[in-house]
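As structure tokens, the structure follows; a few thoughts come after it.
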Amino acid sequence: MTPEALADIHAACFPAKPWSAAELSDMLAQSGMVCEAEARGFALARVTLDEAELLTIAISPEMQGHGLGHALLSRLISRLTARTVARVFLEVATDNIAARSLYARLGFAEVGRRRGYYQRLGQPAADALVLALNLGD
């Protein structure tokens, strides 16, 4: 997928802080980036040594709830495992129930919390849960 297509999907999912095509292009060019993408969604992670961070997962709103996020993230995890990544981290807003459910189904567990991490216009800030998945256990 092109950075422009990725940016369109990201903007549909995160209208308050969408990543531009230029930002995505720059990220994808960096060493250690792993992207799993389909026409209506993508998951992007950064690998450093034996750990990875899920930077974002974005699924077109019309496809949310149909298993595409699970499929993309499962394939991304398989690719990370093949790269000998031992642990994957991510952050998710405490009130993002759908994402938290997806991560729990894949085996992610809470390892920390960042208070007031997600600032929201006209709303109270939301805490971020730091989740981790151990691979290869």
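R0 = 35 Å: FRET efficiency of GLN119 with ALA82, Cβ-based, nearest 0.05?
0.45
Given a 1.4 angstrom probe, I'd like the percentage of the accessible area of region 54-128 that is carbon and sulfur, rounded to a whole number.
With neighbouring chains kept in place, the figure for region 54-128 is 51 percent.
How much of the DSSP beta bridge set in region 38-95 is antiparallel, as a percent to the nearest 5?
Roughly 75 percent of the DSSP beta bridges within region 38-95 come out antiparallel.
Take every Cα-Cα pair in region 1-81 and report what % of them are more than 19 Å apart.
Value for region 1-81 (Cα pairs over 19 Å): 32 percent.
Counting only heavy atoms of protein chains, what accessible area per residue, in Å², does the chain have with a probe of 1.4 Å?
Solvent-accessible surface per residue comes out at 56 Å².
Only helical DSSP H runs with n ≥ 4 go in: add -39500 (n - 2.57) per run for the chain, normalise by residue count and round the 222 nm mean residue ellipticity to 500 deg cm²/dmol.
Rounded to the nearest 500, the figure is -9500 deg cm²/dmol.
For ALA29 and GLU62, compute 0.36 nm times the residue count separating them, minus their Cα-Cα distance, and round to one decimal in nm.
9.0 nm
If contacts are Cα pairs under 8 angstrom and at least 6 residues apart, what is the relative contact order of the chain in percent?
RCO, the chain: 18 percent.
The values are calculated or read from the model by the stated rules, or taken from the named source; none is laboratory data. Just so it is clear, the structure is predicted and the values come from calculations on it, not from any experiment. Quick reminder, even Gly has a Cβ in these numbers, built from the backbone with ideal geometry, and neighbours come from all protein chains shown. Note: areas computed on protein heavy atoms with side chains; ligands, DNA, RNA excluded. Shrake-Rupley method; radii C 1.70, N 1.55, O 1.52, S 1.80 Å.
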